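Down below is the structure, laid out as structure tokens.
The values are calculated or read from the model by the stated rules, or taken from the named source; none is laboratory data. Computed from a predicted model, the values in this text were never measured in an experiment. Here the Cβ is made from the backbone with ideal geometry for all residues, glycine too, and neighbour counts use every protein chain on show. Just the protein is used for accessible areas: all its heavy atoms, side chains included, with ligands, DNA and RNA removed. Shrake-Rupley method; radii C 1.70, N 1.55, O 1.52, S 1.80 Å.
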Amino acid sequence: MRTDIAQPIRLTDYRPPDYLIDTVDLDVKLDPHATRVLARLTIRPNPRGRAGADLVLDGDSLVPRRIVLDGVALDCAANFVTPDRLTLATPPQRVFTLEIETEIDPSANTCLMGLYRSGAAYCTQCEAEGFRRITYFLDRPDVLSVYTTRLEAEIAEAPVLLGNGNPTAAGMIENTSRHFAVWHDPFPKPCYLFALVGGDLGAIRDEFVTASGRKVALAIYVEHGKEASATYAMDALKRSMRWDEEAFGREYDLDVFNIVAVSDFNMGAMENKGLNIFNDKYVLASPHTATDTDYAQIEAVIAHEYFHNWTGNRITCRDWFQLCLKEGLTVYRDHEFSAAMRSPAVRRIADVRTLRAQQFPEDAGPLAHNVRPDSYLEINNFYTATVYEKGAELIRMLKVLIGAGAFRAGMDLYFERHDGTAATIEEFIACFAEKSGRDLTQFLRWYNQSGTPLVEVAATYDPNAKRLALDLRQSCKKTPGQDMKQPFLIPIEIGLIGEQGETLPLATEGESGASAQELAHGVIELAEAQRRVIFHNLPTRPVISFLRGFSAPVRLAYDVSEADLVTLVAHDSDSFNRWQAAQSYATRLLLRNIDLIRAGKMPEPDMAFIAALKRVLDAGTIDPAFAAQVVTLPGEADIAREIAEDVDPEAIFTARKVLRETIGRELASPLLETYEKLTDTAAYSPDAAAAGRRALRNAALDLYAAGQRDQAKDTGKDQGLALALQQFEQTRFMTDKIAALGVIAARPGAEREAALDTFYKTYASEPLVIDKWFALQAMIPEPETLARVKRLLEHPAFSLGNPNRVRALVGAFAAGNQTQFNAPDGSGYDFIVNAVLTLDSRNPQVAARLLSAFKSWRMLEAERRRLAEAALRQVVGAAHLSPDVKDIAERSLA
Ligand code: B3K
Ligand code: ZN
């Protein structure tokens with residue numbers, strides 16, 4: 001771990017490297033405690049760099065054993081080399097070779113960066129700056145080299161030896177129990193894409209024939225015995241490969257593509273060239289261990305890492321500020337893929353839910369940063385929802401603005417022009433400007449200004465003139481370091497709906513203030529602070545459908561009537577906005593009820609809303625996945641964001657609970673009917689249609705049970721609990737099992753404890769399922785939960801060393817239990833602060849991520865705000881903080 005006092009790195013300070021490294025030959029002798037890495041580098045001065053500059057190679061906690069410059073050994077004890085740096089003053093101003101031998105202890109590597117052990121296997125993680133923990137290097141993404149890797153290990157310990165690129169040689173080392181394998185990757189790449197794996201692993205194999213007829217050998221490596229659980233991932237991989245050919249014209253380029261699943265991994269997965277390494281959570285699935293959501297995530301992450309082969313690997317980033325160039329774009333690509341594989345409307349709703357739940361709070365709090373940040377202290381803290389999810393929205397918005405044809409042409413140009421290079425956002429956007437003929441200078445502001453813009457709409461209908469006038473206005477609150485914002489270029493897709501629910505044309509006659517192009521596509525561009533647009537030929541007042549498909553990542557303020565929302569829920573031809581109208585209605589009710597609750601009053605049911613939901617349920621079997629989304633209320637964090645200040649998480653929770661109980665009570669019969677109609681007797685299939693039926697059925701169970709819980713107070717009989725227990729006992733499939741357990745867990749008592757116990761015993765040998773068990777308990781919204789979580793920290797199945805376990809138990813408490821994390825006595829904050837500090841010395845990245853649960857602390861009511869601030873100050877004041885945690889804590893307080 002680095003402990004030096006870090007200076008911020010700034011985008012404006014970018015300079016090309018002074019030296020280039022054309023080839024890297026690695027010889028790695030794997031050993032649990034003393035792995036030897038011999039790196040032979042071919043180096044030359046960069047014509048674009050400073051002539052005669054020192055060569056400064058990055059290291060991190062390295063032990064140098066031998067350094068040889070052009071055949072001459074240098075003294076490793078001399079001060080040109082430290083654990084963190086190797087400096088050659090006045091190196092040769094021509095091509096030269098540098099041989100460096102380092103020794104590393106993979107078993108002692110707990111931060112899971114560089115070379116480490118996961119179970120019995122050796123694996124690596126180099127992005128962002130982990131390669132420097134393997135050998136001294138120019139550890140920056142704009143230094144591209146051709147790698148040849150020779151791996152050597154005890155054959156009993158690591159019969160499988162994998163590297164980047166294609167395998168070129170393998171064999172036994174004579175008269176020993178050791179063997180070797182050589183891998184060569186012909187595509188120049190930055191060192192963050194380097195990977196190796198060694199271990200005793202099982203595999204499933206398949207083959208893919210590319211559009212041009214090249215054969216690619218595919219393999220997914222897993223722990224022995226888990227092979228059958230990798231088949232869905234393999235299927236998703238083949239579909240991803242085909243789709244990238246069809247949708248983007250991108251073919252795979254090596255002879256092999258390997259995926260390795262490991263159980264100790266800091267994030268989801270890593271796109272190393274030809275050798276993706278995955279958190280096993282995103283590979284392993286069987287109907288009785290994985291939920292439908294897990295299947296969908298596996299499909300998305302497999303696709304995401306595969307798509308990086310072109311967006312990230314073949315074209316990489318010039319510097320880490322350009323991270324969204326590969327991440328935002330690749331998330332956009334995996335969203336498109338999932339939409340093509342599943343229901344586009346339902347995927348869009350799910351993606352927007354994620355954006356709002358994860359990115360909007362980031363943009364609204366002290367950790368707000370640009371999609372392309374302009375400075376950082378610790379780059380690992382910038383793998384954020386803003387870079388990923390908002391970054392993807394920007395690409396989608398670009399396509400809305402320039403149209404699908406110009407978008408595809410721009411992508412083609414980008415691949416052609418920048419293949420084999422490390423590019424920037426400006427270079428990327430220039431391809432679309434060129435192909436669309438548009439000046440995209442203003443669009444670039446989306447990358448360089450943080451914060452979520454607010455679009456305010458005022459609509460005036462004039463029945464005499466049959467005209468509708470829309471006054472649009474945009475603004476954006478200040479964010480850290482950015483007090484003033486320039487107007488964004490915001491595409492707003494609009495539709496008008498008539499009295500019978502019919503779509504009305506956006507008339508082009510008359511002075512409109514909109515271009516013919518805008519009216520034809522139904523997309524109004526708001527480029528200034530304000531704009532007026534007029535629609536003609538409207539004999540009656542239309543209902544307006546704004547921001548269809550969520551055409552821009554903005555917040556919308558429009559004083560629409562509840563009657564209009566009901567019309568939209570029923571008739572909008574844009575499915576996203578049908579869902580949005582129901583969410584808006586629910587949000588409005590919840591906000592009103594929160595005020596009542598805080599004033600000590602009980603809210604009355606809103607029968608118009610209930611009736612609208614009933615109609616959705618009645619039609620539910622037509623598109624169950626969509627209906628499930630409509631009947632799922634906005635989350636607690638969504639509501640908190642709407643309130644924005646003086647937030648009381650307890651009042652939000654209660655309002656939501658009361659509304660769910662009301663719906664459950666008022667719609668008990670249709671919910672029960674829905675539940676029964678959707679009972680599937682067929683064998684389990686993870687496809688979107690079957691998953692949609694399960695989603696609606698379980699949403700119906702959840703709401704029905706919420707209503708019964710209330711009734712049970714009077715009757716003493718809890719029908720909802722009974723139904724959940726029945727489902728829990730009868731199903732063999734995880735989606736239904738965990739949904740039932742969720743309902744059961746909402747009720748304190750003996751049944752709950754017994755069900756939790758049964759669940760644990762059934763799945764004790766499945767760590768990924770036990771994670772669900774940890775998370776579910778951590779999210780119980782009761783004051784006793786903190787004690788339960790503390791007990792579970794001592795459970796034999798828990799381990800602080802495994803990031804999945806930490807996220808499941810501690811992370812779920814911090815991010816998924818608003819009332820208890822924000823407990824009024826500050827106990828939740830203290831607990832998380834202690835966990836962060838304990839974890840920090842072991843795994844700073846996971847610790848820093850956990851600490852970001854405080855990102856919305858400034859919105860809280862005064863007492864909680866005071867406690868949260870004190871907790872963050874405690875972190876800042878702690879000794880020996882990692883740069884990761886220090887950075888998050890300090891920015892949170894700034
Ligand atoms: N590129 C990796 C993330 C690396 C995170 C480093 N802290 C996974 C992905 O986005 O595909
Ligand atoms: Zn990625």
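Observations on the structure shown:
- Scope segment 514-532; condition more than 16 Å from I544 (Cβ to Cβ) and of a type outside the set (A, V, I, L, M); matching residues: S515, Q517, H521, E525, E528, Q530
- F265 outside the structural domain of P190 (by TED's automatic domain parsing) and away from ligand 2 (no atom under 13 Å from the Cβ): yes
- Scanning segment 320-350 for residues that are within 16 Å of P553 (Cα to Cα) and within 15 Å of ligand 2 (Cβ to nearest atom) returns C324, G328, L329, V331, Y332, H335.
- Residue among G420, G403 that is open to solvent by less than 30 Å² (accessible area, probe 1.4 Å), away from ligand 1 (no atom under 16 Å from the Cβ) and not aliphatic (A, V, I, L, M): G403
- Flag set for R473, criterion: surrounded by 14 or more Cβ atoms within 10 Å (Cβ to Cβ), outside any loop (DSSP other than H, G, I, E, B) and modelled with pLDDT of 95 or more.
- So P883, is it in contact (Cβ under 8 Å) with a residue 60 or more places away in the chain and either surrounded by fewer than 23 Cβ atoms within 10 Å (Cβ to Cβ) or of a type in the set (D, E, K, R) (or both): yes
- Scanning segment 779-793 for residues that are of a type in the set (D, E) and surrounded by 13 or more Cβ atoms within 10 Å (Cβ to Cβ) turns up just one, E782.
- Restricting segment 172-199 to residues that are assigned to a loop (DSSP other than H, G, I, E, B) and touching a residue at least 24 places away in the same chain (Cβ under 8 Å), the residue that is nearest to T35 (Cα to Cα) is A195.
- Residues that are in contact with a helix residue (DSSP H, G or I) (Cβ under 9 Å, 6 or more places away or on another chain) and either touching a residue at least 24 places away in the same chain (Cβ under 8 Å) or in a helix (DSSP H, G or I) (or both), drawn from segment 200-211: G202, A203, I204, D206, F208, T210, A211
- Failed criterion for V400 (all others in (1) more than 25 Å from the chain's Cα centre (by Cα); (2) of a type in the set (V, I, T); (3) farther than 29 Å from V143 by Cβ hold): (1)
- 1 or more residues open to solvent by less than 20 Å² (accessible area, probe 1.4 Å) and assigned by TED's automatic domain parsing to the domain that holds Y147: qualifying strands (runs of 3 or more DSSP E) within segment 42-112: 55-58, 63-69, 85-88, 96-104
- G114 meets each of the listed conditions (1) free of Cβ contacts under 8 Å to residues at least 60 places away in the same chain; (2) touching a Gly at 6+ places or on another chain (Cβ under 8 Å); (3) away from ligand 1 (no atom under 14 Å from the Cβ) apart from (3).
- Test: residue in segment 382-391 that is away from ligand 1 (no atom under 16 Å from the Cβ) and of a type in the set (S, T, Y): no
- Whenever a residue of segment 299-311 is closer than 14 Å to A230 by Cα, its partners that are within 11 Å of ligand 2 (Cβ to nearest atom) and assigned to a strand (DSSP E or B), lying with C-beta atoms within less than 7 angstrom and at least six residues away or across chains, give the pairs V301/A269.
- Of everything in segment 281-304 that is of a type in the set (D, E, K, R) and open to solvent by 10 Å² or more (accessible area, probe 1.4 Å), the residue that is nearest to ligand 2 (Cβ to nearest atom) is K281.
- Here the condition is being assigned by TED's automatic domain parsing to the domain that holds T42, within 28 Å of the chain's Cα centre (by Cα) and farther than 26 Å from T421 by Cβ; of Y122, Y192, it holds for Y122 alone.
- Within segment 279-292, if we keep just the residues that are assigned to a helix (DSSP H, G or I) and touching a Ser or Thr at 6+ places or on another chain (Cβ under 8 Å), the residue that is nearest to ligand 1 (Cβ to nearest atom) turns out to be D280.
- Of the candidates R117, R132, the single residue that is in contact with a strand residue (DSSP E or B) (Cβ under 9 Å, 6 or more places away or on another chain), basic (K, R) and farther than 29 Å from I315 by Cβ is R117.
- Number of residues in segment 377-395 that are outside any helix (DSSP H, G or I) and away from ligand 2 (no atom under 14 Å from the Cβ) equals 2.
- Residue within segment 305-317 that is assigned to a helix (DSSP H, G or I), open to solvent by less than 10 Å² (accessible area, probe 1.4 Å) and hydroxyl-bearing (S, T, Y) present: yes
- Residue that is farthest from ligand 2 (Cβ to nearest atom), among those in segment 351-376 that are closer than 22 Å to I643 by Cα and of a type in the set (A, V, I, L, M, F, W, C): A364
- Enumeration of residues in segment 311-340 that are in contact with a Phe, Trp or Tyr (Cβ under 8 Å, 6 or more places away or on another chain) and either away from ligand 1 (no atom under 13 Å from the Cβ) or over 20 Å from C431 (Cβ atoms) (or both): R314, I315, R318, D319, W320, F321, D334, F337, A340
- The lone criterion from (1) more than 16 Å from ligand 1 (Cβ to nearest atom); (2) more than 14 Å from the chain's Cα centre (by Cα) left unmet by A350 is number (2).
- Scanning segment 666-713 for residues that are over 31 Å from the mean Cα position of the chain (by Cα) and in contact (Cβ under 8 Å) with a residue 60 or more places away in the chain returns a single hit, E666.
- Any hit, segment 387-395, residues being among the β-branched types (V, I, T), surrounded by fewer than 24 Cβ atoms within 10 Å (Cβ to Cβ) and touching a Gly at 6+ places or on another chain (Cβ under 8 Å): yes
- All of (1) open to solvent by 10 Å² or more (accessible area, probe 1.4 Å); (2) under 26 Å from G549 (Cβ atoms); (3) outside any helix (DSSP H, G or I); (4) of a type outside the set (D, E) hold for V371 with one exception: (1).
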